[in-house]
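Participant: Please find one structure pasted underneath; my questions will follow.
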Amino acid sequence: MSECDFIKGCIFFNDKMETKSNLASMYKRKYCQDNYGNCARYMVATTVGREKVPSDMFPNMRDKAEEIISENN
Ligand code: SF4
């Protein structure tokens, strides 16, 4: 895969969330710059809307994403 379309405006990618920098770098490589389809933020944004993405949601929070998606569908 390639880069996520949301990189420019994403608060996670642009370091606006509290996180350990080495973990954030790993997630950026794993999700934002590779397999963004599995990112929790991306999943919520593309199914129920970007406004439904919690500000504290990290890319690996897939279970939470599925919960939000089922609540809003
Ligand atoms: S993959 Fe997720 S965290 Fe990364 S830029 Fe896209 S929406 Fe943001």
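The numbers here are math on the coordinates, done by the rules we state, and not lab data. In this text the structure is predicted, and so the values were computed from the model without any measurement. Here the Cβ is made from the backbone with ideal geometry for all residues, glycine too, and neighbour counts use every protein chain on show.
Participant: Out of the residues in segment 44-59 meeting the condition of being within 10 Å of the ligand (Cβ to nearest atom) and farther than 14 Å from residue 7 by Cα, tell me which one is surrounded by the most Cβ atoms within 10 Å (Cβ to Cβ).
Facilitator: Here the answer is 44.
Participant: Still on this structure, please answer the following. Limited to segment 1-27, what total is found for residues that are of a type in the set (D, E, K, R), closer than 16 Å to residue 57 by Cα and either near the ligand (Cβ under 8 Å from one of its atoms) or surrounded by fewer than 11 Cβ atoms within 10 Å (Cβ to Cβ) (or both)?
Facilitator: Qualifying residue count for the region: 3.
Participant: Let me ask you something else. Just to be sure I understand the filter: pairs with C-beta atoms under 7 Å, separated by 6 or more residues or on different chains, first member in segment 50-73 and small (Gly, Ala, Ser), second member not in a helix (DSSP H, G or I). Which pairs pass?
Facilitator: Sorted first by the residue in segment 50-73, then by its partner, the pairs are 55/11.
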